[in-house]
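Presented below is the structure to which this report refers.
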Amino acid sequence: MRITVVGTGYVGLITSICLCEMGHTVTNIDIDDKRIAQLKNGRSVIYEPGLQQLLENNLKERRLLFTIDPRIAYAQADLIFIAVGTPENPDGTANLEYLQEAVYAIASHIEKDVIICTKSTVPVGTNEKIAEMIKDMTPSHLNVSIVSNPEFLREGSAINDFFHGDRIVIGTEDEKAAAVLQELYAPLKTEIMVTDTRSAEMIKYASNAFLATKISFINEIAAICEKVGADISQVANGIGKDKRIGSSFLKAGIGYGGSCFPKDTKALVQLAGHVDHPFELLEAVIGVNNRQHTLAVAKAKEAVGELAGKRIALLGLAFKPNTDDIREAPSLTILKMLMEENADVIAFDPAAVLNIQSIFGNEIQYAENINEALKDADLAIIATEWDQITQFPLVQYEELMKTPLIIDGRNCYSLSDIERHSITYISVGRSPHAQSAIARV
Ligand code: UGA
């Protein structure tokens, strides 16, 4: 089977490389010639653990071809995966410009029957529009099947998620196309669900919206825990044991970020609004998350008052560990707020410094390692729970900082470990002072 993947972002590149690992030969097309040139030279355009090595292997085995030429990519393809970005419009709706361009290019170049499979996250009804566009543009003897096949890959563990997902969703009204995809994915031994196209599109949005809801819910419970003297780690553990609730996505912190949850929650609110159903619950989830991004600086101000001139070590910049992605990262809000307060910031991240530098330039300083960031700092803010941050010895904060004060936005340390040190430690939903606060009630 000749397979083409459109797009070399997270979804496109991971899909291409993982399909190659399954033994297929894949052509990966992008309109960005610089990205394609870099990939042809064997250098990944995204940071994802394990990806670089797989890229090199599959280029060497000649299973993976990169191109900007739509004729090479589409003319003889049997199966085309669309994995282009659907970024956010200013009003929160999904921008389908890249998707439309891709469909136009496919329709202009296909020469034989083909299955077009959308992996990009698209509003419900989009695949039907793709079908209409293709029908209008291609000769009637060509049989083009349309499938929605949403992805559930997490950045940082995307390769593992491809091979060991919880389910594969194939949304189509075309039984033959569904059978081809079922066969393609069969070796993964993952449960495959065949649904109608619209339901598949909705499964993607509803999954991300539900996970975002879990995070905002636990963050609200954390805020209440601080006030009533409960410990959010114990509470999350306790509720997560209930199988109906589940223990994942119950880590309280300074909120979710990334290229998916913020965008997809807003797009679903817009989608619901367009069919006259205001999605009030999801609007609240988004509101809570926006507030959560401001929490670390609010707590810092509460602890030390004025931040002007204070030396602040910001540990972690990526929206989560194991990625260099800073899209919608809480660190962006934290940095903007700290700049407004005229704080003196030194930031550290194992992977995302270059991306932050392209926005903040030399408004802030950058440290090569955690020790350098903490040296003489008045306070430290932890924004991402990278392993090297969670494993960093607490004694070093005492030794290196001017005043050992940690605002931990990701609850990296246990309170019992903290007790053994002379550190002022403020985390999320685990206020050591809460007991005295409740005593006053
Ligand atoms: C998310 C989904 O988890 C994937 O299933 C989906 O395929 C992907 O979006 C997408 O739509 O493409 P991702 O954005 O890579 O994946 O990252 P997650 O691991 O889901 O984390 C998202 C955010 O939630 C991060 O900022 C993380 O710090 C935060 N989070 C996660 C919490 O604050 N608490 C938690 O308990 C879990």
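The values are calculated or read from the model by the stated rules, or taken from the named source; none is laboratory data. This structure is a prediction, so every number in the text was calculated from the model and none was measured. Here Cβ is always computed from backbone atoms with ideal geometry, including for glycine, and neighbour counts include all displayed protein chains.
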Of the numbered conditions (1) assigned to a helix (DSSP H, G or I); (2) farther than 14 Å from LEU281 by Cβ, ILE215 satisfies every one except a single condition; which is it?
-> (2)
Output for region 238-266, where each listed residue is over 28 Å from VAL297 (Cβ atoms) and part of a helix (DSSP H, G or I) = GLY238, ILE239, GLY240
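Go through region 393-411 and give me each residue that's crowded, with 20+ Cβ neighbours inside 10 Å and either over 25 Å from PHE319 (Cα atoms) or in contact with a strand residue (DSSP E or B) (Cβ under 8 Å, 6 or more places away or on another chain) (or both). So that I can check it myself, show each step before the final result.
First, the residues of region 393-411 that are crowded, with 20+ Cβ neighbours inside 10 Å: 397, 401, 404-411.
Hits for region 393-411 are TYR397, MET401, PRO404, LEU405, ILE406, ILE407, ASP408, GLY409, ARG410.
For the condition loosely packed, with under 14 Cβ neighbours inside 10 Å, under 23 Å from the mean Cα position of the chain (by Cα) and either of a type outside the set (Ser, Thr, Tyr) or more than 14 Å from the ligand (Cβ to nearest atom) (or both), what is the one hit in ASP136, ASP166, ASP196, ASP161?
Details: ASP136 fails: under 23 Å from the mean Cα position of the chain (by Cα); ASP196 fails: under 23 Å from the mean Cα position of the chain (by Cα); ASP161 fails: loosely packed, with under 14 Cβ neighbours inside 10 Å.
Going through ASP136, ASP166, ASP196, ASP161 in turn, the sole match is ASP166.
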Options ALA352, ALA343, ALA367, ALA373: the member that is within 16 Å of the ligand (Cβ to nearest atom) and under 23 Å from HIS293 (Cα atoms) | ALA352
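Report, by residue number, each residue of region 308-330 that is more than 16 Å from the ligand (Cβ to nearest atom) and buried (at least 24 other Cβ atoms within 10 Å of the Cβ).
Correct list: ILE312, ALA313.
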Scan (1) among the charged types (D, E, K, R); (2) in contact (Cβ under 8 Å) with a residue 12 or more places away in the chain; (3) out of contact with any strand residue (DSSP E or B) (no Cβ under 8 Å at 6 or more places or on another chain) for the single condition GLU97 breaks and write down its number.
-> (2)
Tally, over region 171-184, of residues that are without any contact (Cβ under 8 Å) to a residue 40 or more places away in the chain and either within 16 Å of the ligand (Cβ to nearest atom) or loosely packed, with under 15 Cβ neighbours inside 10 Å (or both) = 5
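Residue by residue, here is whether (1) assigned by TED's automatic domain parsing to the domain that holds CYS117; (2) acidic (Asp, Glu); (3) away from the ligand (no atom under 11 Å from the Cβ) holds:
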position: ASP231; (1), (2), (3): no, yes, yes
position: PHE249; (1), (2), (3): no, no, no
position: ILE254; (1), (2), (3): no, no, no
position: GLY257; (1), (2), (3): no, no, no
position: THR265; (1), (2), (3): no, no, no
position: GLU280; (1), (2), (3): no, yes, yes
position: ILE286; (1), (2), (3): no, no, yes
Picking from SER145, SER207, the residue that is surrounded by fewer than 19 Cβ atoms within 10 Å (Cβ to Cβ) and among the small types (Gly, Ala, Ser) would be SER207
Is it the case that region 71-80 has a residue that's crowded, with 18+ Cβ neighbours inside 10 Å, under 30 Å from ASP324 (Cα atoms) and within 18 Å of the chain's Cα centre (by Cα)?
-> no
Selection from region 344-361 of residues in contact with a strand residue (DSSP E or B) (Cβ under 8 Å, 6 or more places away or on another chain), in contact (Cβ under 8 Å) with a residue 24 or more places away in the chain and over 18 Å from ARG311 (Cα atoms) yields VAL353, ILE356
If TYR104 satisfies every condition in (1) within 25 Å of SER148 (Cβ to Cβ); (2) part of a loop (DSSP other than H, G, I, E, B) but one, which is the exception?
-> (2)
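Please determine whether any residue of region 58-65 is touching a His at 6+ places or on another chain (Cβ under 6 Å) and modelled with pLDDT of 95 or more.
Step one: filter region 58-65 for residues touching a His at 6+ places or on another chain (Cβ under 6 Å), giving none.
No - not one qualifying residue is present in region 58-65.
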Hey, THR93 modelled with pLDDT under 95 and among the polar types (S, T, N, Q) or not = yes
